[in-house]
1. Do the conditions hold for A:VAL153, that is, is it within 13 Å of the chain's Cα centre (by Cα) and not small (Gly, Ala, Ser)?
2. Would you mind finding the one in A:LEU109, A:LEU98 that is part of a helix (DSSP H, G or I) and surrounded by 14 or more Cβ atoms within 10 Å (Cβ to Cβ)?
3. Which number in (1) surrounded by fewer than 21 Cβ atoms within 10 Å (Cβ to Cβ); (2) more than 9 Å from RNA strand B (Cβ to nearest atom); (3) part of a helix (DSSP H, G or I); (4) not basic (Lys, Arg) marks the one condition that A:ASP393 misses?
4. Residues in region A:27-55 that are near RNA strand B (Cβ under 7 Å from one of its atoms) and touching a helix residue (DSSP H, G or I) at 6+ places or on another chain (Cβ under 8 Å): how many?
5. Before we move on, is A:ASN123 within 16 Å of RNA strand B (Cβ to nearest atom) and either within 30 Å of A:GLY139 (Cβ to Cβ) or outside any helix (DSSP H, G or I) (or both)?
6. Considering (1) buried (at least 24 other Cβ atoms within 10 Å of the Cβ); (2) over 20 Å from A:VAL249 (Cα atoms); (3) not assigned by TED's automatic domain parsing to the domain that holds A:ARG6, say which one A:PHE119 fails and leave the rest.
7. Taking A:ALA342 and the conditions (1) part of a helix (DSSP H, G or I); (2) surrounded by fewer than 18 Cβ atoms within 10 Å (Cβ to Cβ), which numbered condition does it fall short on, given that it satisfies the others?
8. Scan A:ALA470, A:ALA432, A:ALA518, A:ALA496 and give me the residue that is near RNA strand B (Cβ under 6 Å from one of its atoms) and outside the structural domain of A:ASP388 (by TED's automatic domain parsing).
Amino acid sequence: MSDALREELERIAGVLGAPNVSFVLERPRGEGHGDLATNLAMVLAGPLRSKPRTLAERVLEELKVGHGLVARAEIAGPGFINFWLSSDQLIKTVEEILEAGSDFGRSTLGNGRRVNVEFVSANPTGPLHVGHGRGAALGDGIASLLEWTGHDVTREFYINDAGVQVGRVVESLWARMRQALGEDFPIPDGGYHGEYLIEAAERALAELPAASIAPPLEAAAPALREFILRVQREEQDALLLDFGVRFDVYGSESAMHEADRIARLLEQFRDRGLTFEADGALWLRTTDFGDDKDRVLRKSDGTYTYLLPDIVYHADKHDRGFDRAIDVWGADHHGYIARMRAALAALGYPPEFFEVAMVQLVKVMKDGEEVRMSKRAGDFVTLRDLCDWVGADAARYFFLMRRGDTPFIFDVDLARARTEENPVFYVQMAHARMSGIFRVADIDPERVTGPFEIAALTAPEDTDLIKTLALFPGFVERAAEGREPHRVTGYLEDLARQVHGWYHRCRVLGEPPATEHARLVLARATRTVLANGLTLLGLTAPDRM
RNA sequence: GCGCCCGUAGCUCAGCUGGAUAGAGCAACAGCCUUCUAAGCUGUGGGUCGGUGGUUCGAGUCCACCCGGGCGCACCA
């Protein structure tokens, strides 16, 4: 409902001689400042060389107060203009929600721009841990926000199936197999100690043809490599599916090692004079593009660094027609951003093509104490554990409710609580309560529609609720722009709080017919917004709990 | 040492891109069940926004320098 007013204010700014000024139209914090407030007059003061309060008066002369949009307006403080919306606007808002239904909150802001969101991208060497869960929730949330704001989104997972780590996991698996056969065989230095390889070793021995896995390791390695990559990928995908995340595309690191892809990229750099040889290695002049130091592309032993195929991969995203590539990375990779950015700048891509959403470390609190984790010993909380403890909905919500770039302590006890303290529960409960009204009345909410009388909404809570519902699309937009799903969870918690209060104080069923009908309409609209928010974040919106 | 992120109520965190008297949840205290889910609602107390300067009509928000914490600084991935 603020859209119409915003357009009107933009028009007036033009009339006064300052089109394209950027001003804020927002719901003011304090009571008594109206439903919406703008700083337009203060922003105009500079370019128009006039006093804010004088300009505010001129704005109000242009805006026909009392007709349509605004019931009342006043100038306050240093030059704010506060607006009280007309009841027509409130009715319109509710009708808009009913009409848009599960699309309410969507916008076309992105103009169909093609965005690639790459996340999780875990090594296929072991189970996903809680950190991957956070990346999965955040990546999927960002992707979803971009979809809601009119972008053409591809969710992508990059499989690191080419590096040394794969060799290590094969060696470790081999060690576990020898151990299973009764030999005293150590896990190599830098190998994987996790227990999952004990199981995998048994499966390998049982399932693979004996000839293909007979010693020596060098002979068995190809079969084991294929086996462990497949098993790990299958497990990761099954878990991610349970977690509610689907990918459109799986990129493969080994595919990026193809000789002519690499050659083509190196040629581009060479043509621009950006590579040089030193100490037997091939370097890229990333310092020309803001990096701290130049980076090695091809090591002196002839193999590639991780960076080179990764540049190929990002160039591939560009060639596939994406306007933007957003990578969700763990904090431990953040030193890597500058060199990737530099490499892509070296290829001549616009700076906004590549973007990194950072995900900081996750600690897990359970039974009141921190769960110790050591990745080297293979001893960490897996995403599977977490989902078993608290369920996928709670896990996702918790990861989404905090900004990604700050360390996060996952409180397992809180996440599994079925009480008001648990925000997931609290929000879902609000939805269930709205559904409950229709269940008790034995009415299909989809069939509650049509005009209602604003005067029949007798409590201030009624209209306050409508005003909050109207804010949803704005929150989705800002969350999408900032890649900040936590704005949506924050909104949902505020809304849920208000919904519980409304539910408590404003009876629906059994009120006079006009009021009952108006509140049923409002309950339906509320249920829609709650459901849309939850769905957007990849959560269920239960009808009863 | 250098770079990036962070520092807001006792605790966990928001703060709409520079706006009005800095908010919410826990925790503490005090109330509220003839109810469409008490699995809930309402009220109260609680702050030098890490510090010091600066930019301007106006700073939690922007700049500089300190203090304190996290992460990163490979011919690893």
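The values are calculated or read from the model by the stated rules, or taken from the named source; none is laboratory data. It should be emphasised that the depicted structure is a prediction, and the values quoted were computed from it without experimental measurement. Methodologically, a virtual Cβ is constructed for each residue, glycine included, from the backbone with ideal geometry; neighbour enumeration extends over all protein chains shown.
1. Working: within 13 Å of the chain's Cα centre (by Cα): yes; not small (Gly, Ala, Ser): yes.
Criteria met by A:VAL153.
2. Values: A:LEU109 fails: part of a helix (DSSP H, G or I).
Just one listed residue meets the conditions, A:LEU98.
3. Evaluating A:ASP393 over (1) surrounded by fewer than 21 Cβ atoms within 10 Å (Cβ to Cβ); (2) more than 9 Å from RNA strand B (Cβ to nearest atom); (3) part of a helix (DSSP H, G or I); (4) not basic (Lys, Arg) leaves (1) as the failure.
4. Residues that pass the stated criteria total 3.
5. Numbers: within 16 Å of RNA strand B (Cβ to nearest atom): yes; either within 30 Å of A:GLY139 (Cβ to Cβ) or outside any helix (DSSP H, G or I) (or both): yes.
When the stated conditions are applied, A:ASN123 passes them.
6. (2)
7. All conditions pass for A:ALA342, except number (2).
8. Details: A:ALA470 fails: near RNA strand B (Cβ under 6 Å from one of its atoms); A:ALA518 fails: near RNA strand B (Cβ under 6 Å from one of its atoms); A:ALA496 fails: near RNA strand B (Cβ under 6 Å from one of its atoms).
It is A:ALA432.
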